[in-house]
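See structure below.
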């Protein structure tokens, strides 16, 4: 309690003899100083948040470690009180993992079956066709590894007799022995026994394309690389009669006694064989002095010439 200056002085005067004014003044000053000192020692320190927090921790006898331990105990107690939720969570993860594994297995099986189906058809997508003069969507392989007499003829006939895959698409027919493409001279000699030898020598043996265009029916065509134009031109004239017979047989059409005549198809000088009704049934033209085209009809020749022009623009 705060001390009273007047009360102290009164007590001192009641216990002692009266003082002179000078002594009384000295005593008052002394007492005033002592009272001031005593009262100042009774002032409480200013409270702050930091001091309150320190007092709380001290009173509750807690620490950072005890708080951490209490929080861990709280989490553990929560887990123990809710075991069903933890079980559901585990089951959900297992179900998700099982679903992923099932989908991966199904995708692998589908991929395997798809590859097996493509291999069985022996059809190579356009991206894998290398020796194609014009854009083609499919490649059909005829295996002549046994060099049987009619393998090539029968293979081409079977390909042409099938229904078209998609209208306006092109099939590239390759004839192989083991893993190598057969030379064009061997192919032509297999198809026809009377091909002039000078004509066979005028062609590049490896640079050719046998294919078919697909409209309502498949129509055969050949593109041949010419090394010696004069020999090729004369050789084709000499081979015309047998050429008609050979191509008509491949296309499943009856033979004719008609002869080739001159004509113009898409600004190309063309030799044309027509049936009795006037329909073109086989044509050939030198696209340039290095390229010979043989086609089953005018529409097929038109498509091949357009394809060659488009390919040259791309290159």
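The values are calculated or read from the model by the stated rules, or taken from the named source; none is laboratory data. On a predicted model such as this, the values are computed, not experimentally measured, just so you know. Please note: Cβ atoms are built from the backbone with ideal geometry, for glycine as well, and neighbour counts cover all protein chains shown.
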Strands (runs of 3 or more DSSP E) wholly inside segment 199-315 containing at least 3 residues that are under 45 Å from the mean Cα position of the chain (by Cα) and in the same structural domain as residue 161 (by TED's automatic domain parsing) | 203-214, 218-226, 280-288, 291-295
Could you pull out the residue among 200, 283, 224, 301 that is surrounded by 14 or more Cβ atoms within 10 Å (Cβ to Cβ), closer than 22 Å to residue 159 by Cα and free of Cβ contacts under 8 Å to residues at least 60 places away in the same chain?
-> 283
Residue that is surrounded by the most Cβ atoms within 10 Å (Cβ to Cβ), among those in segment 160-197 that are in a strand (DSSP E or B) and out of contact with any strand residue (DSSP E or B) (no Cβ under 7 Å at 6 or more places or on another chain) = 177
Checking residue 82 against (1) out of contact with any helix residue (DSSP H, G or I) (no Cβ under 7 Å at 6 or more places or on another chain); (2) modelled with pLDDT of 75 or more, the condition it does not meet | (2)
Looking only at segment 251-263, decide whether some residue is at pLDDT below 90, surrounded by 14 or more Cβ atoms within 10 Å (Cβ to Cβ), in contact with a helix residue (DSSP H, G or I) (Cβ under 8 Å, 6 or more places away or on another chain) and within 30 Å of residue 179 (Cβ to Cβ).
-> yes
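Here's the yes/no breakdown for (1) within 19 Å of the chain's Cα centre (by Cα); (2) at pLDDT below 75; (3) not in a strand (DSSP E or B):
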position	(1), (2), (3)
95	no, no, yes
101	no, no, yes
104	yes, no, yes
107	yes, no, yes
112	yes, yes, yes
117	no, yes, yes
136	no, no, yes
142	no, no, no
146	no, no, yes
